[in-house]
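Colleague: Below is the structure I would like to discuss, written out as structure tokens.
Laboratory data are not the source of any read-out in this text; all were calculated from the coordinates shown. None of the values given here were measured: they were computed from a predicted structure. Quick reminder, even Gly has a Cβ in these numbers, built from the backbone with ideal geometry, and neighbours come from all protein chains shown.
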Amino acid sequence: MSGLKVSLISHEFPPFIIGGIATYCFDLAINLSRKGIETKVICGNLNDAESRMKVNRFLEIVRLPFFNFPPRYFWFQLMNHKKLCKLCANCNVIHGVNPTASMLQASYERKSNKALIVTHHLNELQTLKMFVHMPLSELTLGDLMVNAFSYPLDTFLENAWFGYADQIIVPGNFTYDFMKSIYGPELLKKVSVIYNAIDFDKVNSLCKKTANLNDDYPSIISFCRLVSLKGIGRLLLHSKKLFSKFPNLKFKIFGQGPLKSFLEKIIIKQSLHEHVIIMGHVPYNVLLKHIEKASMAVFPTFLEVGPFISALEAMALKKPVVAFDLPFNREFIKPYETGMLAEAGNMDDFIDKISLLLSDQKLRTELGNAAFEYVKKHHNWAYVVDRYIKIYEEFAGSLVS
């Protein structure tokens, strides 16, 4: 079908807000435009004014202002509903890249002939169930805001979107399997599993030289939102023996979030300041260069949708990854082939897997190379984007004149 006009809606979008959804939205938009699909990203702007930027012939970024305090996704659509309606008037595909930030628009368009597509990144009930099992000592007020207090509103918005959607895209079988336990067959008929992907053109353009690694000064890296479910706090609590065994080891943690102050307290209490550096948010190209220079990437997360973007990015840069042996990780990490999986929840075993890789440069290289080949074959936006276009074409109605 010719003449597709796609609107992608997410209050999260680089560079103002980073994270998996922001990266996903950016990469999807760029790759749609490379295929000649007229694409408009409607996203948030932390400044007070609306702005527009034409990235190329087929891609425009429209940024709309919103209040920069929780729930940001709610303020984004409430403050900009009339503008969203106007901006989407001439499209024939509305894709709620962030469902909680786009439900009002889906409701407004529910009787139109436009294709209504939504991406379900992680189920709210699934998240809440994992969250209540976290030790109280590892939780912050910010964690409670994100995972508990916002649950009713998040769940309402997502379920409403599901009702309006022509198709629900889920980036992992793990979350799809959970959906099968709580939703009926009518909704499940609308679900397509499309794995997260990496834009290798983007990565290659930002990382043109191979970093020289020094085994005398090894480093590990983790990059994620700093919340309790990502497991970084628990890893630091168990890391003393790792730094005793590798006294020159550096651990760089990238990201922002409510767990930051908790991590800083651990660093002080355990005297880890010579080994652990909280880097915060850095530009994407800077992050990639740090990944390149690292010996490996570690992701002690307890919950993800399936193959998650940060791990895929590290693998695309030929870094071995260490994670827990959990269903979402088994979807893309094969032990001793494309990475290392530690016994689920066993942080001592997690530390042992890191130690093994630090002690074996040949194994690190083999796993990193295999990880790169796996991601390039199975998680490459150059191919994955075609699945989105196929869905858009299937459900899009006639162009609005």
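Colleague: Report those helices (runs of 4 or more DSSP H) wholly inside the range 246-333 carrying at least 2 residues which are over 28 Å from Phe200 (Cα atoms).
Modeller: 260-269
Colleague: Checking the conditions here, which among Phe69, Phe26 is part of a loop (DSSP other than H, G, I, E, B) and out of contact with any Lys or Arg (no Cβ under 6 Å at 6 or more places or on another chain)?
Modeller: Phe69
Colleague: Could you list, in sequence order, the residues of the range 312-347 that are aromatic (Phe, Trp, Tyr) and touching a Gly at 6+ places or on another chain (Cβ under 7 Å)?
Modeller: Correct list: Phe324, Phe328.
Colleague: I'm told Met134 meets every condition in (1) under 23 Å from Leu188 (Cα atoms); (2) in contact (Cβ under 8 Å) with a residue 12 or more places away in the chain except one. Can you identify the failing condition by its number?
Modeller: (1)
Colleague: Shifting gears a bit: State the number of residues belonging to the range 86-121 that are over 25 Å from the mean Cα position of the chain (by Cα) and under 28 Å from Val146 (Cα atoms).
Modeller: The number of residues fulfilling the criteria is 2.
Colleague: Can I ask one more? Can you name every residue in the range 174-186 that is surrounded by fewer than 18 Cβ atoms within 10 Å (Cβ to Cβ) and either touching a Gly at 6+ places or on another chain (Cβ under 7 Å) or within 24 Å of Gln105 (Cα to Cα) (or both)?
Modeller: Within the range 174-186, Tyr183, Glu186 qualify.
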